[in-house]
Amino acid sequence: MKSKFIIRICFICIGIVAATFMVLKLTVWKDTPDAYLYDGPKRGTKTYNGPNINNLQGKDYEAVPVETIQVKRRNIEIFLVNNCTLESEKQVEVLAETSGIVQNILVEEGDHVRSGMPLAKLDEEEVLLALREAKLKKENAERVYRSSLDNFKENIISKEEFEEKKFQLEIATVELERKQMEYEYTTIKSPIDGIIVERNIEEGYDIEKGRMVFKIADFDPILARIYIPEKDVNKVVEGQMARVVYEFLTGIEFTGRVKMVSPVVDPESGTVKVTIEINDQSGGALKPGMFVSVFTIVGQHQNALLIPKKALILEAEADEVFVVREFIVLSISSDKIKKLAMGDSVVCEQRSTINEESRKGLSLSGKVVDISGNHENGAIYNITIEATDILSRNINKEFEKVSFYNDRGDLLLSKNNVNFHVKSRAFKTKITPGFKEGNYVEILTGLKESDRVITVGQDDVGHGADVVIINEEKEAGETAVLGAP
């Protein structure tokens, strides 16, 4: 009995819940659509009704602020990047060629010297005495030789005795020459043109023969020896240009040329040594020992289209950018609007109060890309045209005259005093990139010169969305330097 009673109570509760649901459905929920099934236009949006050749149909959201840059043609260079320490072409150690006490030092580190220029002077007192002694010995040997020659001619002495006197004269002559050289060696001279990079003596030092006293380097030219991978050997040949950059000399770039390419590959590293001769025209700013970056130019492209890498749309399936196009939206009231079609030509003449010549310069031409009705006033039509070079023109908000022509050049409609406004829209555009390196991308197809691409704000932009340009980036220079892929 209790089980039947519980079952009856359950059926009664279910009935009450079902009745309550039906009452709410017929009263409170009667006019409320299912939100998750709603697919109609949002309140306050406007749908373009006319035909569309540029995918302009959509909802009129608030314009998205973006930054753009204008696509320009510039020269680019493809290069290999290496780092190395600079070296001088010539560097010699000056050795003392005789022993003695340093009397005078004539140069300091950093001084420019010429070949044969005195660098230091040793005490010469003892050397001069030895030189004088050698001269006296030679003079005596000469006197003895002349006397022996006369006696030999008169057969007073034998030939062997004469030859002995002659030999002693030769020994005295050689000894004099040696003492003369030792005297000259008391003046230490530079063997090459260059710069004193190291001095290892002080006045009063007692130095021995063979001691290194100075180190001299020839900085003209200065060399960069780099090592490139074996796979890139065929890209580098003698005479190719290179650019050299030193981190702490900002704004300065040095040029160089490949002087020699080693004919062998290092089996351990798999690299080839390349010697680059650098032309330092900055008055000696580059010095041996500096750590520099070397960009060996292995190719050049003239008049290439370039955009910043940041203009590329991230996580896109293909290589794409947003291109900003400028449109003029004309407000026209006319019953002849039905004559117009997509693609018709439009000539807009700007009102001018200066002269006839300047008036011609304010004429804009374009194509009809959209025709739509104004929801607020059915008699007003918005005709969107795509014109060129809008941003660079100083245009007002009214055209003096607007004329429409078909593809045969026939006049379809002409209106005076036409109000308008300019609208910018962003469109996804597929591109074919070339070299990608550094901050730039070479564009092979998909863009043309003077196109404006979005560099900041792409994440908030959709295809065909209204945008407002808040900043137009400027070019950094005439030549972009790119790396080899």
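Among the residues of the stretch 171-188, write down those that are in contact with a Lys or Arg (Cβ under 9 Å, 6 or more places away or on another chain) and either closer than 13 Å to Val113 by Cα or free of Cβ contacts under 8 Å to residues at least 24 places away in the same chain (or both).
Of everything in the stretch 171-188, just one residue is in contact with a Lys or Arg (Cβ under 9 Å, 6 or more places away or on another chain) and either closer than 13 Å to Val113 by Cα or free of Cβ contacts under 8 Å to residues at least 24 places away in the same chain (or both), namely Ile188.
Going residue by residue through the stretch 135-158, is there one that turns out to be in contact with an Asp or Glu (Cβ under 7 Å, 6 or more places away or on another chain) and among the hydrophobic types (A, V, I, L, M, F, W, C)?
no
Among Asn155, Asn151, which is the only one that is surrounded by fewer than 14 Cβ atoms within 10 Å (Cβ to Cβ), farther than 30 Å from Glu208 by Cβ and without any contact (Cβ under 8 Å) to a residue 40 or more places away in the chain?
Checking each option against the conditions leaves just Asn155.
Any residue in the stretch 203-228 that is farther than 26 Å from Ala285 by Cβ sitting within a Cβ distance under 7 Å of a residue that is acidic (Asp, Glu) and open to solvent by 50 Å² or more (accessible area, probe 1.4 Å)? List the pairs, counting only those 6 or more apart or interchain.
Lys209/Glu97; Met212/Glu93
If I go through the stretch 373-390 residue by residue, how many of them are at pLDDT below 75, part of a loop (DSSP other than H, G, I, E, B) and of a type outside the set (S, T, N, Q)?
Looking only at that region, the number is 6.
Of the residues Phe162, Phe79, which single one is within 60 Å of the chain's Cα centre (by Cα), more than 27 Å from Ile201 (Cβ to Cβ), open to solvent by less than 50 Å² (accessible area, probe 1.4 Å) and among the aromatic types (Phe, Trp, Tyr)?
Testing whether each residue is within 60 Å of the chain's Cα centre (by Cα), more than 27 Å from Ile201 (Cβ to Cβ), open to solvent by less than 50 Å² (accessible area, probe 1.4 Å) and among the aromatic types (Phe, Trp, Tyr) leaves just Phe79.
Could you list, in sequence order, all residues of the stretch 308-322 that are assigned to a strand (DSSP E or B) and farther than 11 Å from Ile431 by Cα?
Pro308
Within the set of pairs 6+ apart or on separate chains, which have a first residue in the stretch 310-338 that is free of Cβ contacts under 8 Å to residues at least 24 places away in the same chain, a second that is assigned to a loop (DSSP other than H, G, I, E, B), and C-beta atoms under 9 Å apart?
Asp335/Ala379
Pairs only if they're at least six apart or on different chains, beta carbon under 6 angstrom, first in the stretch 453-473 and under 20 Å from Gln70 (Cβ atoms) and among the β-branched types (Val, Ile, Thr), second outside any strand (DSSP E or B) and open to solvent by less than 30 Å² (accessible area, probe 1.4 Å); list them, first residue then second.
That search, which allows pairs on different chains as well, returns Val453/Ala311; Thr455/Ala311.
Report yes if Lys166 is touching a residue at least 12 places away in the same chain (Cβ under 8 Å), basic (Lys, Arg) and farther than 17 Å from Asn140 by Cβ, otherwise no.
No; evaluated as a whole, the condition is false for this residue.
To keep it simple, each residue is scored yes or no on (1) assigned to a loop (DSSP other than H, G, I, E, B); (2) polar (S, T, N, Q); (3) farther than 23 Å from Asn200 by Cα.
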{"position": "Gln91", "(1), (2), (3)": "no, yes, no"}
{"position": "Ala120", "(1), (2), (3)": "no, no, no"}
{"position": "Leu128", "(1), (2), (3)": "no, no, yes"}
{"position": "Arg132", "(1), (2), (3)": "no, no, yes"}
{"position": "Lys135", "(1), (2), (3)": "no, no, yes"}
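Pick from the stretch 391-402 the residues that are surrounded by fewer than 17 Cβ atoms within 10 Å (Cβ to Cβ) and in a strand (DSSP E or B): which of them is modelled with the highest pLDDT?
This residue is Lys401.
Please state which one of Lys189, Lys179 is of a type in the set (D, E, K, R) and touching a helix residue (DSSP H, G or I) at 6+ places or on another chain (Cβ under 8 Å).
Only one candidate qualifies: Lys179.
If you take the residues in the stretch 403-432 that are modelled with pLDDT under 90 and under 44 Å from the mean Cα position of the chain (by Cα), which one is surrounded by the fewest Cβ atoms within 10 Å (Cβ to Cβ)?
Among them, the one singled out is His421.
May I ask you to say which residue of Val92, Val113, Val127 is under 16 Å from Lys189 (Cβ atoms), touching a residue at least 24 places away in the same chain (Cβ under 8 Å), of a type in the set (Val, Ile, Thr) and in contact with a strand residue (DSSP E or B) (Cβ under 6 Å, 6 or more places away or on another chain)?
Val92
Report yes if Pro191 is closer than 30 Å to Lys135 by Cβ and touching a residue at least 12 places away in the same chain (Cβ under 8 Å), otherwise no.
For Pro191, the condition - closer than 30 Å to Lys135 by Cβ and touching a residue at least 12 places away in the same chain (Cβ under 8 Å) - is met.
Step by step: first the residues of the stretch 187-199, then only those that are open to solvent by 50 Å² or more (accessible area, probe 1.4 Å) and not in a strand (DSSP E or B), then the one that is nearest to Asp111 (Cα to Cα). Which residue is that?
Asp193
State whether one or more residues within the stretch 214-223 are touching a Pro at 6+ places or on another chain (Cβ under 7 Å) and loosely packed, with under 14 Cβ neighbours inside 10 Å.
Looking for residues that are touching a Pro at 6+ places or on another chain (Cβ under 7 Å) and loosely packed, with under 14 Cβ neighbours inside 10 Å, one finds none in the stretch 214-223, hence no.
When you scan the stretch 451-467, how many residues do you find that are open to solvent by less than 60 Å² (accessible area, probe 1.4 Å) and either assigned to a loop (DSSP other than H, G, I, E, B) or of a type in the set (Lys, Arg) (or both)?
Residues meeting the conditions: 6.
Go over the candidates Val298, Val294, Val346 one by one and state the one that is touching a Gly at 6+ places or on another chain (Cβ under 6 Å), among the hydrophobic types (A, V, I, L, M, F, W, C), crowded, with 20+ Cβ neighbours inside 10 Å and in contact (Cβ under 8 Å) with a residue 24 or more places away in the chain.
Within the list Val298, Val294, Val346, the selection yields Val346.
The values are calculated or read from the model by the stated rules, or taken from the named source; none is laboratory data. Remember, it's a predicted structure, so these values are computed and weren't measured experimentally. We place every Cβ from the backbone using ideal geometry, glycine too, and count neighbours over all the protein chains shown. To get the accessible areas, we keep the full protein, side chains included, count just its heavy atoms, and leave off ligands, DNA and RNA. Shrake-Rupley method; radii C 1.70, N 1.55, O 1.52, S 1.80 Å.
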